[in-house]
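The values are calculated or read from the model by the stated rules, or taken from the named source; none is laboratory data. Computed from a predicted model, the values in this text were never measured in an experiment. Every residue, glycine as well, gets a Cβ built from its backbone with ideal geometry; the counts of neighbours run over all protein chains shown.
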Amino acid sequence: MRKNIVAGNWKMNTTLPEGLKLAEEVNAAVAEAKPKCDVVICVPFTHLASIAAIIDQNNLGLGAENCADHAKGAYTGEVAADMVASTGATYVILGHSERRQYYREDSAVLREKLALALANGLTPIFCVGEVLEERENGTFNDVVKLQLEEALFDLPVADFTKIIIAYEPVWAIGTGKTATPEQAEDMHAHIRAAIAAKYGEEVADNTSILYGGSCKPSNAAELFAKPDIDGGLIGGAALKCADFMGIVNAF
Ligand code: 13P
């Protein structure tokens, strides 16, 4: 059966000392809480190796927030998937709406990143989601299905089953406006149906689909109670150990 997962996305927050302190706190809290879900933190590249050295990855997974769309070479400032893997990290967020919006990442680029992440043994947390206009004009189901089809649905099944999906409605990210549990569940069921149509019911049943967008301790339990919501991808609330653990413990 699919896993329940709560993953933090720290985005561009924390200096290295601040990040080490937060990771240490979360590591200790997870060890004590023995959560009913997998817990992961995705952190800035600069922090990966140092955090890998101080956490117990049997309890707390570690990931990057991005990786390059090339394997190596003259791409100043980029970080390759094998570099991420060599730090000890095992997850990578790909296709986050902030990467799509601010860095013009399209499905073609994301296919390259996915292939490199998978080739280097990283578990992609692949984000999809509509913008406010698409929510309001009613095209959101088609938009998200197209994001899945363009980036993921050419993968062989053995690769697809390694991927975690995160539904993050862009209008809910960092805005305090959470999708209602019903809106989120409808989209998660729609995503799972699209996976079933492509790869079959068993694969769809085994795919973890996380919700992201203003998820916090006060709304996590009702989101996670929905049958197709298998956890969360957490931004702001992942930056405080108590808030993050409040979400983890919602399972
Ligand atoms: P917030 O939880 O801050 O809304 O961010 C969600 C997100 O983008 C996680 O990737």
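Here is how the numbers come out for the structure above:
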| read-out | value |
| --- | --- |
| Subset of segment 72-101 (residues that are in contact (Cβ under 8 Å) with a residue 24 or more places away in the chain and either small (Gly, Ala, Ser) or at positive phi (or both)) | 80, 81, 85, 88, 89, 95, 97 |
| Filtered residue count, segment 137-174, keeping only those that are more than 12 Å from the ligand (Cβ to nearest atom) and either modelled with pLDDT under 95 or of a type in the set (Lys, Arg) (or both) | 2 |
| Scan of segment 186-227 for residues that are closer than 15 Å to residue 129 by Cβ and among the charged types (D, E, K, R), ordered by number | 186 |
| Which numbered condition residue 62 misses (of (1) within 16 Å of the ligand (Cβ to nearest atom); (2) touching a residue at least 40 places away in the same chain (Cβ under 8 Å); (3) under 17 Å from residue 163 (Cα atoms)) | (2) |
| Residue that is farthest from residue 198 (Cα to Cα) [pool: residues in segment 108-150 that are part of a helix (DSSP H, G or I) and of a type in the set (S, T, N, Q)] | 141 |
| Selection status of residue 93, within 21 Å of residue 15 (Cα to Cα), surrounded by 21 or more Cβ atoms within 10 Å (Cβ to Cβ) and in contact with a Gly (Cβ under 7 Å, 6 or more places away or on another chain) | yes |
| When residues of segment 213-223 are limited to those that are hydrophobic (A, V, I, L, M, F, W, C) and part of a helix (DSSP H, G or I), the one farthest from the ligand (Cβ to nearest atom) | 221 |
| Residue, surrounded by the most Cβ atoms within 10 Å (Cβ to Cβ), within segment 224-249, restricted to residues that are of a type in the set (Gly, Ala, Ser) and part of a loop (DSSP other than H, G, I, E, B) | 235 |
| Filtered residues of segment 151-165 (kept if assigned to a helix (DSSP H, G or I) and in contact (Cβ under 8 Å) with a residue 12 or more places away in the chain) | 151, 157, 159, 160 |
| Filter result for residue 53 (out of contact with any strand residue (DSSP E or B) (no Cβ under 6 Å at 6 or more places or on another chain), more than 25 Å from residue 172 (Cα to Cα) and loosely packed, with under 14 Cβ neighbours inside 10 Å) | yes |
| Failed condition for residue 182, given (1) within 16 Å of the ligand (Cβ to nearest atom); (2) closer than 25 Å to residue 245 by Cα | (1) |
| Odd one out for residue 59 among (1) more than 27 Å from residue 35 (Cα to Cα); (2) over 15 Å from the mean Cα position of the chain (by Cα) | (1) |
| Residue count for segment 71-107, restricted to those that are part of a loop (DSSP other than H, G, I, E, B) and either aliphatic (A, V, I, L, M) or modelled with pLDDT under 95 (or both) | 5 |
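Here's the yes/no breakdown for (1) closer than 26 Å to residue 68 by Cβ; (2) among the β-branched types (Val, Ile, Thr); (3) surrounded by 22 or more Cβ atoms within 10 Å (Cβ to Cβ):
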| residue | (1), (2), (3) |
| --- | --- |
| 114 | yes, no, yes |
| 121 | yes, no, no |
| 134 | no, no, no |
| 159 | yes, no, no |
| 169 | no, no, yes |
| 177 | no, no, no |
